[in-house]
Amino acid sequence: MATGRSVTESGALRLSTAVAAFIGVLALTISALSGSQAILLDGLFNAIYAVVGLFTLRVGRLVVSPDDDTYPFGYGYFESMVNACKGLLMLGVAALALFNSVTALLTGGNAIAAGISIVYACLATASCVATAFALKRISRHVSSPLLEADIENWRVNALISAAVLLAFCLIPVAQALGWHAIVPYVDSWLVIAVVLLCLGVPIRVARRAILELLNRSPLPAVAEPVRAAITSALAPLPTEAIYIRMVRPGRLLYVTVHVVLEQGHPLSIAEADWWRATLDACVRRISTPVLVETLFTGDRRWAAPSAGLDPVGGGAETDGEKI
């Protein structure tokens, strides 16, 4: 279902994709004219990001759709998958650029045309900074992991473009001072420095997304307030144990609560539904969007952690799951 938020998010993602495509095409063209490996690296980063951005637009529409028969647990994992692909692709391009730059250093460097390179770097830096600011403003009104990943990308992109601009401006200075021997090596050292300084961003984006795909529990900053709220809300019930499980694929927080009631405690369907609504409301005050499933049982074996092999034998309890 389309909402005002999803339309705003979609517009932001379209802007990001369009700017990435523009800079990518421009950089690949200028790199052929100037011979700069640094500009080629920038062009490949942006061209890949633009291609992935087309899939991001589709995923941005899917993740606000409800679950269905084909995807019974919704489309949240598509969001994590896209972010993982972005991070891994950027890592691949960075590794290739690093290899080419080291090879160039060992073979005498790489002479470039500084004039056209400086013009490109000015335009690219301005475009990246403007896009990062625009997306950041939109993110104040939109909670979107897809948008947050794009903001990180444009921050890094702006830093790369600014570093490229600075290095290219040093080439005419070096030539004027007669330091001609270092000029062929400026481009290669620039690529190496940029890759090493910015490597943490694609690693962080890919790692976070891959952990989400592996169903790792959210960070304590997200999980602990939710656990505390659920435990507090269920305090009036006579319970033997409460098992809370959480995953966060993309923006959706998925919470399953197994409540083990004391033996013989009566609980009607209407009362169970009231408790479900209560827990949903208390979690929704902390995080949204959220899906809370609450199950009541009088037998611990239907709630305790299990490998799914023998429900009668049960599974070993783990710290942090049982309250």
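What follows is calculated from the coordinates using simple rules that are stated; it is not laboratory data. Quick caveat: nothing in here was measured; it's all calculated off a predicted structure. Using ideal geometry, Cβ is built from the backbone for each residue, glycine included, and neighbour counts are taken over all protein chains shown.
Relative contact order, whole percent, for the chain stands at 17, derived from Cα pairs under 8 Å and 6 or more residues apart. When the Cα positions of S188, G74, L165 are compared along the charge dipole of the stretch 4-213, L165 comes out farthest toward the positive end, with charges on each C-beta of Lys, Arg, Asp and Glu. Each stretch of four or more DSSP H residues adds -39500 (n - 2.57); spread over every residue of the chain, this sum gives -22500 deg cm²/dmol at 222 nm. Between the Cα long axis of helix 114-139 and the first principal axis of the chain there is an angle of about 20°, rounded to the nearest 10. Taken as Cα centroids, the stretch 137-157 and the stretch 175-218 sit 20 Å apart, rounded to the nearest whole angstrom. Ordered from longest to shortest, the equivalent ellipsoid semi-axes for the chain are 52, 20, 15 Å, each the square root of 5 times a Cα gyration tensor eigenvalue.
Each residue of the stretch 159-167 was assigned a 3J(HN,Hα) from its phi angle through the Karplus expression (A = 6.51, B = -1.76, C = 1.60, θ = phi - 60°), giving 5, 4, 5, 5, 5, 4, 4, 4, 5 Hz with x at Gly and Pro. Sorted ascending by nearby beta carbons within 10 Å, beginning with the fewest, D68, D299 become D68, D299. Against the compact-protein benchmark of 2.2 N^0.38 Å, the Cα-based radius of gyration of the stretch 220-302 scales to 1.07.
Compared with the dominant Cα axis of the chain, that is its longest principal axis, helix 37-62 is turned about 30°. Segment A272..Y71, full-extension length gain: 69.6 nm, with 0.36 nm per residue of separation and the alpha-carbon distance subtracted. When both bridge partners sit in the chain, DSSP labels roughly 55% of those beta bridges antiparallel. Between R285 and A32, the modelled labels are 6.1 nm apart [label points 7 Å from Cα along Cα→Cβ]. Under a model in which nothing but the beta-carbon of Lys, Arg (+1) and Asp, Glu (-1) is charged, the stretch 1-105 shows a dipole of about 260 debye around its Cα centre. For the stretch 220-302, a crude dipole built from +1 on the beta carbon of Lys and Arg and -1 on the beta carbon of Asp and Glu, taken about the Cα centre, is about 400 debye to the nearest 20. The mean sequence separation of alpha-carbon pairs under 8 Å and at least six residues apart, normalised by the residue count of the stretch 220-302, gives a relative contact order of 34 percent. Over all orientations, the stretch 1-146 has a Cα convex hull whose mean projected area works out to 9.7 square nanometres.
Across the stretch 180-323, Cα-Cα distances exceeding 17 Å account for 69% of all pairs. Once you order the gyration tensor axes a ≥ b ≥ c over the Cα atoms, which shape class does the stretch 74-128 get: rounded for a/c under 1.5, otherwise prolate or oblate by comparing a/b with b/c? Oblate is the answer for the stretch 74-128, as a/c is 1.5 or above yet b/c matches or exceeds a/b.
For the chain, the longest principal axis of the Cα atoms and the long axis of helix 269-284 meet at an angle of about 30 degrees.
For the chain, a crude dipole built from +1 on the beta carbon of Lys and Arg and -1 on the beta carbon of Asp and Glu, taken about the Cα centre, is about 860 debye to the nearest 20.
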